[in-house]
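J.: First the structure, then my questions, so here it is.
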Amino acid sequence: MSLLGLAARDGRTKGREVNLLEVKELKVHFPVQRGWFGRNRDYLKAVDGVSFTIAAGETLGLVGESGCGKTTLGRAVVRLIEPTSGRILFDGEDITEMRRSKLRLRRRHFQMIFQDPYGSLDPHQTINQILGEALAVHKAFRHPVNRRNRAEELLRAVGLDPGCLLRYPHEFSGGQRQRIGIARALAVEPRLIVGDEPVSALDASVQAQIINLLSDLQRERGLAYLFIAHDLAVVEHISRRTIVMYLGKIVELADAKTLCRAPKHPYTQALISAVPVIGPDSRHKRILLSGEVPSPVNPPPGCPFHPRCPIAEARCRLEPPVLRETAPGHLAACHLAK
Amino acid sequence: MALLEIKNLQIEFEVGGVVRRAVDRLSLSVEPGETVCLVGESGCGKSVTALSIARLLPSPPARYSGGQIWLNGREVLCMARGQLRKIRGAVVSYVFQNPAASLHPAFRIGSQIKESLRLHRPREASEFEVVRLLKWVGIPAPELRRNDYPHQLSGGLQQRAMIALALASRPKLLVADEPTTALDVTIQAQILELLHTLKGTLGMSILLITHNLGIVGGMADRVAVMYAGRIVESAPALDLLRRPLHPYSRALIQSVPRLGNHEQRLVAIPGQVPSLDAMPAGCRFHPRCSQVQPDCAGKAPVLIEVETQHWVRCPYWALRPATGEPKDAK
């Protein structure tokens, strides 16, 4: 661990490519009270031992159905939710137990974009104030005039008219608000942006605009993304590697194209076959999963996916599978994956 | 005779003295046993159209300022309240996007279904029939689940309960307004499969309202694409998906990322859907259209039948070779 840390720090100083973000065995458990006066404490294991890395300038996609823990993971990574255990290294530096004041300085480097473009902008603030606040908090541009120039520059970068700085969020459409959210995240020149379903609330034609914008910004600024979404097609389009989560655990991690072309985990296979395809024969070749995602408070023993798995065997009910490398760079947590 | 025939429907909303037209001279028909998809982005008027079929829009502010809606051989817009009550449920039922908001939170789902049975099929209003309906829509252990309150069910099960409730009255037409938008893809696949099977067993028609072109291919017989209050293209589903002719349908199909399609950039439609108070003159899509012609801003195009049953609201539909066929679709 210390060796790894050293290597990473070394890499930073020499400017070699190093993992920008490294997450090790991250767990987020929420206490759920049960019984009389909450005497029996259960834990909802929203994220249960997740490890991954993101290189500088890379996009890592994260897909899963609702309740699989993808949002919790995204928030825990930037410590908007405190992890229960595990380690988060940003640029080689451990931020898991960093003091709030210090963490705030580091947050400049990792920002977040949220799903709901209506809920994530303060309706009482003008766009100038919204962007200015981000700049002020991070003491990036102290002088108000500089700040104003910076805000205009940001709006131009996300394809909005700088003239609308004095308008309020309600005057914008959903797609435009999402652009404002992106501008706010960009304000402090972060190196990593965690996007929690940033395009899910948008209409198809606008969604494509925002996806293209995110790709352009990445190319221009060398940003790394942790891109969380439930839409596999969107994730495949934007990411280099993709993680599939189920009940708080990673079930598969692979190169984005490989994952969609040759998925190894039966859950990924079902997920891909359920994606609606525009075309005349979109109802064929579907693997219909029976049942629904079980409760994460009481996950099934053995492989958490076995009750819905079409190929489950006896040992799947007993032994939890480990995430193992089935091909170079392709990890799957399934006893039967080859 | 068509089960549902909407002719030149116009719907306006009057708020604070300003009249905004949400649906403009819309015509649409659904034959018995047919599934028709109405596709469009938010704000294009598709839900308003759906609600108007049973005259469910609150009026005021809504106003039916023109056209006719023929449902099962009778005109809906001139019906009296008592007549409306008779068609709601009995002829047309609805399934909405958010089942949690559509089910009554304070009643057990079994009793909600039974209430509908008592109203529409009083002779069969029994616990037995309730259980049978719940079993039909694939709710596990229906004898126990009928005693659940809506909040005790997951989203997918709530939507199944909602479908059971809608079908309890044995409607001839089921209007499903974005029935799977709030659900995960694996659950979405289950619900669509269920709707498809039930349609077969009950011999009803479905009007499916959606923004997701991906679910059209497996469900619909015919598709109508709406943009800014007007139908811009309508055709048999396979025709439209293989060869979309209107520039908007074409762009909409191209703008959706597809699995296994490794194009570097998505073809985005520039700009945004116009708001109701600032509708562009002439063709409403012209400010965003990639093949706009000088006179597009001048005169409003009409729907023309370019092939049998394939209607397009664009005089320049033939300008570019139709390349709507997704490269990877087999």
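J.: Go through (1) open to solvent by 30 Å² or more (accessible area, probe 1.4 Å); (2) within 14 Å of chain A (Cβ to nearest Cβ) one by one and return the number of the condition residue B:288 breaks.
T.: That leaves (1) as the condition not met.
J.: A follow-up question, please. Keeping to the range B:194-227, report how many residues are more than 13 Å from the chain's Cα centre (by Cα), within 12 Å of chain A (Cβ to nearest Cβ) and among the aliphatic types (A, V, I, L, M).
T.: Total satisfying the criteria: 2.
J.: Here's another thing I want to ask about it. Return yes when residue A:239 is in contact with a strand residue (DSSP E or B) (Cβ under 9 Å, 6 or more places away or on another chain), of a type outside the set (A, V, I, L, M, F, W, C) and either touching a residue at least 12 places away in the same chain (Cβ under 8 Å) or buried (at least 21 other Cβ atoms within 10 Å of the Cβ) (or both) and no when it is not.
T.: yes
J.: Sticking with this one: Can residue A:60 be described as hydrophobic (A, V, I, L, M, F, W, C) and at pLDDT 90 or above?
T.: Answer is yes for this residue.
J.: Return the residues of the range B:30-53 that are open to solvent by less than 10 Å² (accessible area, probe 1.4 Å) and free of Cβ contacts under 8 Å to residues at least 60 places away in the same chain; say none if nothing qualifies.
T.: Selection gives B:52 alone.
J.: Okay, moving on. When both residues are 6+ apart or on different chains and their Cβ atoms are under 9 Å apart, which pairs have a first residue that lies in the range B:137-162 and is within 13 Å of chain A (Cβ to nearest Cβ), and a second that is among the acidic types (Asp, Glu)?
T.: Note: pairs meeting the criteria are B:154/A:292; B:155/A:292; B:155/B:184; B:156/A:292; B:156/B:184; B:157/A:292; B:157/B:148.
J.: Looking at the range B:247-262, can you tell me whether even one residue there is of a type in the set (S, T, N, Q), out of contact with any helix residue (DSSP H, G or I) (no Cβ under 7 Å at 6 or more places or on another chain), under 30 Å from residue B:195 (Cα atoms) and within 14 Å of another protein chain (Cβ to nearest Cβ)?
T.: The answer is yes; a qualifying residue exists.
J.: What are the residues in the range B:132-188 that are of a type in the set (Lys, Arg) and more than 21 Å from the chain's Cα centre (by Cα), if any?
T.: Within the range B:132-188, B:132, B:135, B:145, B:146 meet the criteria.
J.: Tally time: how many residues in the range B:165-183 are closer than 21 Å to residue B:39 by Cβ and either open to solvent by 10 Å² or more (accessible area, probe 1.4 Å) or of a type in the set (Phe, Trp, Tyr) (or both)?
T.: Going through the range B:165-183 one residue at a time, the tally reaches 5.
J.: Now a separate question. Pull up the range A:48-86, narrow it to residues that are more than 14 Å from chain B (Cβ to nearest Cβ), touching a helix residue (DSSP H, G or I) at 6+ places or on another chain (Cβ under 8 Å) and of a type in the set (Val, Ile, Thr), then point me to the one that is farthest from residue A:298 (Cα to Cα).
T.: So, considering only residues that are more than 14 Å from chain B (Cβ to nearest Cβ), touching a helix residue (DSSP H, G or I) at 6+ places or on another chain (Cβ under 8 Å) and of a type in the set (Val, Ile, Thr), the one farthest from residue A:298 (Cα to Cα) is A:78.
J.: So, one more: Restricting attention to the range A:57-92, which residues are in contact (Cβ under 8 Å) with a residue 40 or more places away in the chain, among the charged types (D, E, K, R) and open to solvent by less than 40 Å² (accessible area, probe 1.4 Å)?
T.: A:58, A:65, A:70, A:91
J.: Residues being more than 8 Å from chain A (Cβ to nearest Cβ) and free of Cβ contacts under 8 Å to residues at least 12 places away in the same chain: count how many of those fall in the range B:265-279.
T.: Of the residues in that region, 1 qualify.
J.: Considering A:326, A:258, which residue is within 25 Å of residue A:60 (Cα to Cα), within 12 Å of chain B (Cβ to nearest Cβ) and open to solvent by 30 Å² or more (accessible area, probe 1.4 Å)? Even if it seems obvious, please write down each step before you answer.
T.: Details: A:326 fails: within 12 Å of chain B (Cβ to nearest Cβ).
Among A:326, A:258, only A:258 is within 25 Å of residue A:60 (Cα to Cα), within 12 Å of chain B (Cβ to nearest Cβ) and open to solvent by 30 Å² or more (accessible area, probe 1.4 Å).
The values are calculated or read from the model by the stated rules, or taken from the named source; none is laboratory data. Since this is a predicted model, take the numbers as computed values, not measurements. Note that each Cβ is placed from the backbone with ideal geometry, even for glycine, and that neighbours are counted across all protein chains shown. Calculation scope for accessible area: heavy atoms of the full protein, side chains included, ligands and nucleic acids excluded. Shrake-Rupley method; radii C 1.70, N 1.55, O 1.52, S 1.80 Å.
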